[in-house]
Amino acid sequence: MATYRIDRSYDWNYENGPVFDGPYPAVPATPRKTFLGYEVASRLGIAAGLLLNSRWVETYARLGFDILTYKTVRSRHRACYPVPNWVYLDPGVPLDGSGAPLVASGSGAEPPGFPTSSVSFGMPSKEPAEWMADVARARSALGDGQVLVVSVVGTPEPGAGPAELVDDFARLAAMAREAGAQIVEANLSCPNVTSAEGQIFQDPALSGEIARAMRASAGTLPILLKAGYFADDAALGAYLRAVAGHVTGVTLVNGLSRRVVDAAGKPAFGPGREGSGVLGAGVFPFCLDVVRRAVALIEREKLDLAVVAVGGVAGPSEVGAYFSAGAAGVTMGSAPMFDPLLAVRLKETNPGW
């Protein structure tokens with residue numbers, strides 16, 4: 001059974017998850033590596049999304065994942081969208097570049113293997129007082145050779161301009177540092193929100209302003225900026241040039257944004273939530289392509305940026321492809337939900353990762 005119950009609400013999973021009865025495995029000892037300046041047991045981790053709180057962080061740390069990303073938090077409370085928040089997609093409908101709607105599976109039953117899914121949560125967040133105290137607990141739960149990343153997103157007020165959004169990101173960087181983050185990741189792209197903060201990465205100038213403001217407030221902490229899918233090199237290059245020199249690296253790719261419908265052709269998540277994030281096995285070719293293009297551009301233009309890869313990892317072949325492409329680390333979104341022992345097997349067969 002998956003550790004996140006898609007048939008239950010986000011709040012239920014926050015209070016009761018993860019669904020893991022053990023026993024905890026013996027995690028193989030591996031040679032130390034460096035990740036964004038930290039000594040780590042591996043460059044394998046969990047992306048923003050699955051680790052809802054310190055209990056989730058501690059569980060996956062004990063399961064051998066060494067880069068643990070605390071789920072995206074805000075400067076004020078944001079409720080989750082109502083259920084459904086997670087649906088499996090019909091494997092018979094291809095995920096391609098056409099933009100055609102994808103179809104949710106008619107069954108809520110967990111499919112075999114590593115499925116392609118769609119999510120619509122809206123980046124919920126607890127109040128800062130709650131998440132800051134919990135981040136401190138998450139940091140204390142980590143073992144030797146593990147690092148805590150805290151993902152943040154600005155929350156624009158109705159009618160607020162870019163300056164207010166930039167200030168909010170800067171404030172969040174300072175809050176995450178104070179709470180105990182070792183790395184701060186700014187989420188500039190979320191394909192499953194209906195508000196403007198989900199597409200910031202498409203504005204290079206604004207992304208650069210956020211990068212500079214966060215650098216000023218994060219102190220010496222490494223900063224990552226998480227972006228979505230770039231269809232062409234012109235947009236990718238503009239984004240990378242805008243943020244280089246201000247942040248440590250970029251996280252690519254935060255899923256794909258697609259329209260998802262049910263068998264009757266109606267929005268699978270309900271009216272007003274037509275667009276949602278797609279993750280899982282089907283997104284891997286798209287994400288690997290962006291990572292390869294980003295690394296090549298960074299090397300060609302000698303930009304001071306690391307690339308952290310995410311998207312569609314099911315096992316060693318995808319992880320190996322990302323490292324071969326030049327990724328500094330590989331984080332996973334949904335695979336560890338279905339396969340909590342994945343990190344142990346990866347370390348057994350590839351201790352150099």
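A few points about this structure:
- Qualifying residue in segment 242-249 (condition: among the hydroxyl-bearing types (Ser, Thr, Tyr) and in a helix (DSSP H, G or I)): no
- When each of GLY277, GLY312 is tested for being in contact with a strand residue (DSSP E or B) (Cβ under 7 Å, 6 or more places away or on another chain) and at negative phi, the lone residue that passes is GLY277.
- Each residue in segment 299-324 was checked for being among the hydrophobic types (A, V, I, L, M, F, W, C), more than 17 Å from the chain's Cα centre (by Cα) and over 23 Å from ILE183 (Cα atoms), and 1 of them qualify.
- Considering ILE67, ILE6, the condition of being over 22 Å from LEU346 (Cβ atoms), of a type in the set (A, V, I, L, M, F, W, C) and either buried (at least 22 other Cβ atoms within 10 Å of the Cβ) or in contact (Cβ under 8 Å) with a residue 40 or more places away in the chain (or both) is satisfied by ILE6 alone.
- Any hit, segment 227-236, residues being at pLDDT 95 or above, more than 17 Å from the chain's Cα centre (by Cα), part of a helix (DSSP H, G or I) and within 28 Å of GLU39 (Cβ to Cβ): no
- Taking the listed residues LEU206, LEU252, the one that is crowded, with 20+ Cβ neighbours inside 10 Å and not charged (D, E, K, R) is LEU252, with no other qualifying.
- Count - residues of segment 116-167 that are within 21 Å of TYR14 (Cβ to Cβ) and either crowded, with 17+ Cβ neighbours inside 10 Å or not polar (S, T, N, Q) (or both): 32
- Of all residues in segment 253-272, those satisfying the criterion of being in a strand (DSSP E or B) and basic (Lys, Arg) are ARG258, ARG259.
- The residue that is farthest from ARG62 (Cα to Cα), counting only those in segment 1-32 that are among the hydroxyl-bearing types (Ser, Thr, Tyr) and out of contact with any Lys or Arg (no Cβ under 9 Å at 6 or more places or on another chain), is SER9.
- Top-ranked residue of segment 9-42 - restricted to ones that are in contact (Cβ under 8 Å) with a residue 12 or more places away in the chain and among the β-branched types (Val, Ile, Thr), ranked as surrounded by the fewest Cβ atoms within 10 Å (Cβ to Cβ): VAL19
- The condition (being over 21 Å from THR349 (Cα atoms), β-branched (Val, Ile, Thr) and crowded, with 22+ Cβ neighbours inside 10 Å) is satisfied by just one residue among VAL313, VAL307, VAL295: VAL307.
- Some residue of segment 48-56 being under 16 Å from TRP353 (Cα atoms) and either touching a strand residue (DSSP E or B) at 6+ places or on another chain (Cβ under 9 Å) or part of a loop (DSSP other than H, G, I, E, B) (or both): no
The values are calculated or read from the model by the stated rules, or taken from the named source; none is laboratory data. All figures in this text were calculated on a predicted structure; none of them were measured in a lab. All Cβ positions, glycine included, derive from the backbone under ideal geometry; neighbour counts span all protein chains shown.
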